[in-house]
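Below is one structure; the comments refer to it alone.
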Amino acid sequence: MRITRITLANCRNYGEATIEPQPGLNVFLGRNAQGKSNLLETIGLLGTGKSFRTSREAEIVREGFGLAAVSADAIVRSGNVTLGCTIARGERATKKTLTINGRPVRYAHFLGKLRVVSFAPSDLALVIGAPGLRRAFLNLALAQEQPGYYTALAMYARTLRQKNALLREGPPYDEALFAVYDRTMIERGARMTLARARYVQALAPHARTEHGRWSAGEELALGYESAIGYEIGDDESALQERFASALETARPRERARGIALVGPHRDDLTLTLDGRALAEYGSQGQHRTALLALKVAEYRAMAAATGEAPLLLLDDVLSELDPDRARRFLEGLGGFEQAFVTATHLEHPLPGAAAFAIEAARVERVA
């Protein structure tokens, strides 16, 4: 899949802009704060419906304006498609509208039409940050790959909020309502756990192989740490039984603490280097190398699962690598269909790349 035209209106520091990216590698060069990251953010919006930079979508709307819009013409395996996203900033709320070929659609239907893998320096938090960041990483990748995953995730999250609200109220408890919440969490949570565990199993060999190309004999391993006790070979039925048993065991503790303690909302993606926890024992260089390997693994796994290479968004990443590592990183992707790279400068030119200069949110093709 690839984008042939992108149109922006009042997104961050952009007034109006139209860019026609080329197949293969597209490099956007410019000083800091000129709009390079903002451009990649809008492309990401058309893939995931969300910003990879902020959870406050009102920030995307240009200062002094009430509406931001981005659209793109894309070529995907099923044919040509036009995707759009508008964000309206009001006094009390922000409203986002997603469209396919000009028609508004629900978020679940929008996901997966244009898949993206993004990488920014802030993604180092995946290695050293809280488990919630790694769960979000898994959720976003799976929601793009599997249409049913987001539905299960949304239902589970809503039920979890309802159960936690009931737990906070304290006794006397509505046991019938608890049973309904637990049953929904068991059904949706087992599906999520199985999808995540299988996805990590698919990621692991790619990450290990790619890491081995850069490290001096160190072995990167990925694992899935499940609160309900996933074991290799479990199917959805087995996981439902495990979840039900874990909920029964945890019930006294949940009621004492007033919060749900068991389920995929407590799981984690683990990264170890030669058997030791990477976040705890790894150096900054080891963290960065592992993250590069993880992102290449995400790209490869998504391409293999969908039969179509996703778009690659690299925000100020290659400029932080030495020329050899930059070359090996791109080679490790195995031939991307379209990639977008931002940098303040590049020490060495990237063969075959289309180059654009960005200054004060004005984009000009220079090579």
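Where in the stretch 1-40 are there strands (runs of 3 or more DSSP E), lying wholly inside it, with at least 3 residues that are closer than 17 Å to D315 by Cα and touching a residue at least 40 places away in the same chain (Cβ under 8 Å)? Even if it seems obvious, please write down each step before you answer.
Values: elements: 2-9, 16-19, 24-29.
Those strands (runs of 3 or more DSSP E) span 24-29.
Any idea which of A165, A152 is exposed (fewer than 14 other Cβ atoms within 10 Å of the Cβ) and of a type in the set (A, V, I, L, M)?
Values: A152 fails: exposed (fewer than 14 other Cβ atoms within 10 Å of the Cβ).
Matching residue, one of A165, A152: A165.
Please work out if A176 is among the small types (G, A, S), surrounded by fewer than 22 Cβ atoms within 10 Å (Cβ to Cβ) and in contact (Cβ under 8 Å) with a residue 24 or more places away in the chain.
Details: among the small types (G, A, S): yes; surrounded by fewer than 22 Cβ atoms within 10 Å (Cβ to Cβ): yes; in contact (Cβ under 8 Å) with a residue 24 or more places away in the chain: no.
In short, no.
Report yes if G24 is more than 19 Å from A88 (Cβ to Cβ) and buried (at least 22 other Cβ atoms within 10 Å of the Cβ), otherwise no. Don't jump to the end; show me each part of the working.
On the way: more than 19 Å from A88 (Cβ to Cβ): yes; buried (at least 22 other Cβ atoms within 10 Å of the Cβ): no.
Considered against the rule, which asks whether it is more than 19 Å from A88 (Cβ to Cβ) and buried (at least 22 other Cβ atoms within 10 Å of the Cβ), G24 comes out as no.
Since Q201 meets every condition but one in (1) out of contact with any helix residue (DSSP H, G or I) (no Cβ under 9 Å at 6 or more places or on another chain); (2) surrounded by 15 or more Cβ atoms within 10 Å (Cβ to Cβ), which condition does it not meet?
Unmet condition: (2).
Take residues that are modelled with pLDDT of 90 or more and over 22 Å from the mean Cα position of the chain (by Cα) and tell me which of the strands (runs of 3 or more DSSP E) falling wholly in the stretch 272-367 contain 2 or more. Break it down stepwise before answering.
Details: elements: 311-315, 338-343, 354-359, 362-365.
So the answer is 354-359, 362-365.
Just to be sure before I move on: is I232 among the hydrophobic types (A, V, I, L, M, F, W, C), at pLDDT below 95 and surrounded by 13 or more Cβ atoms within 10 Å (Cβ to Cβ) in the structure I sent? Don't jump to the end; show me each part of the working.
Values: among the hydrophobic types (A, V, I, L, M, F, W, C): yes; at pLDDT below 95: yes; surrounded by 13 or more Cβ atoms within 10 Å (Cβ to Cβ): no.
No, not satisfied.
Can you tell me which residue among R134, R92 is farther than 21 Å from F336 by Cα, modelled with pLDDT under 90, of a type in the set (D, E, K, R) and not in a strand (DSSP E or B)?
Numbers: R134 fails: modelled with pLDDT under 90.
Among R134, R92, only R92 is farther than 21 Å from F336 by Cα, modelled with pLDDT under 90, of a type in the set (D, E, K, R) and not in a strand (DSSP E or B).
Go through the stretch 37-63 and give me each residue that's among the hydroxyl-bearing types (S, T, Y) and within 16 Å of N139 (Cα to Cα).
In the first step, residues of the stretch 37-63 are kept if they are among the hydroxyl-bearing types (S, T, Y); the result is 37, 42, 48, 51, 54-55.
Of everything in the stretch 37-63, those that are among the hydroxyl-bearing types (S, T, Y) and within 16 Å of N139 (Cα to Cα) turn out to be T48, S51, S55.
Yes or no, residue by residue, for (1) touching a helix residue (DSSP H, G or I) at 6+ places or on another chain (Cβ under 9 Å); (2) of a type outside the set (S, T, Y); (3) surrounded by fewer than 13 Cβ atoms within 10 Å (Cβ to Cβ):
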residue: L261; (1), (2), (3): yes, yes, no
residue: A279; (1), (2), (3): yes, yes, no
residue: T289; (1), (2), (3): yes, no, no
residue: A326; (1), (2), (3): yes, yes, no
residue: F329; (1), (2), (3): yes, yes, no
residue: A357; (1), (2), (3): no, yes, no
residue: R365; (1), (2), (3): no, yes, no
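Going by the structure shown, is V127 farther than 22 Å from Q240 by Cβ, aliphatic (A, V, I, L, M) and either in contact with an Asp or Glu (Cβ under 9 Å, 6 or more places away or on another chain) or surrounded by 15 or more Cβ atoms within 10 Å (Cβ to Cβ) (or both)? Explain how you work it out, then say what you get.
Details: farther than 22 Å from Q240 by Cβ: yes; aliphatic (A, V, I, L, M): yes; either in contact with an Asp or Glu (Cβ under 9 Å, 6 or more places away or on another chain) or surrounded by 15 or more Cβ atoms within 10 Å (Cβ to Cβ) (or both): yes.
Against the criterion (farther than 22 Å from Q240 by Cβ, aliphatic (A, V, I, L, M) and either in contact with an Asp or Glu (Cβ under 9 Å, 6 or more places away or on another chain) or surrounded by 15 or more Cβ atoms within 10 Å (Cβ to Cβ) (or both)), V127 qualifies.
Among the listed residues Y199, Y224, which satisfies the condition of being in contact with a strand residue (DSSP E or B) (Cβ under 8 Å, 6 or more places away or on another chain) and aromatic (F, W, Y)?
Details: Y199 fails: in contact with a strand residue (DSSP E or B) (Cβ under 8 Å, 6 or more places away or on another chain).
Result: Y224 is the single residue among Y199, Y224 that is in contact with a strand residue (DSSP E or B) (Cβ under 8 Å, 6 or more places away or on another chain) and aromatic (F, W, Y).
Check S55 against each of (1) surrounded by fewer than 20 Cβ atoms within 10 Å (Cβ to Cβ); (2) within 19 Å of F336 (Cβ to Cβ); (3) at pLDDT below 95; (4) hydroxyl-bearing (S, T, Y) and name the one condition it does not meet.
Among (1) surrounded by fewer than 20 Cβ atoms within 10 Å (Cβ to Cβ); (2) within 19 Å of F336 (Cβ to Cβ); (3) at pLDDT below 95; (4) hydroxyl-bearing (S, T, Y), the lone unmet condition for S55 is (2).
Could you grab the pairs with beta carbons closer than 8 Å, sequence gap of 6+ or different chains, first residue in the stretch 73-91 and closer than 26 Å to E63 by Cα, second one among the charged types (D, E, K, R)?
Sorted first by the residue in the stretch 73-91, then by its partner, the pairs are L83/K113; C85/K96; T86/K96; I87/E57; I87/K95; I87/K96; A88/K95; A88/K96.
The values are calculated or read from the model by the stated rules, or taken from the named source; none is laboratory data. Since the model is a prediction, treat every value here as computed from it, not as a measurement. Quick reminder, even Gly has a Cβ in these numbers, built from the backbone with ideal geometry, and neighbours come from all protein chains shown.
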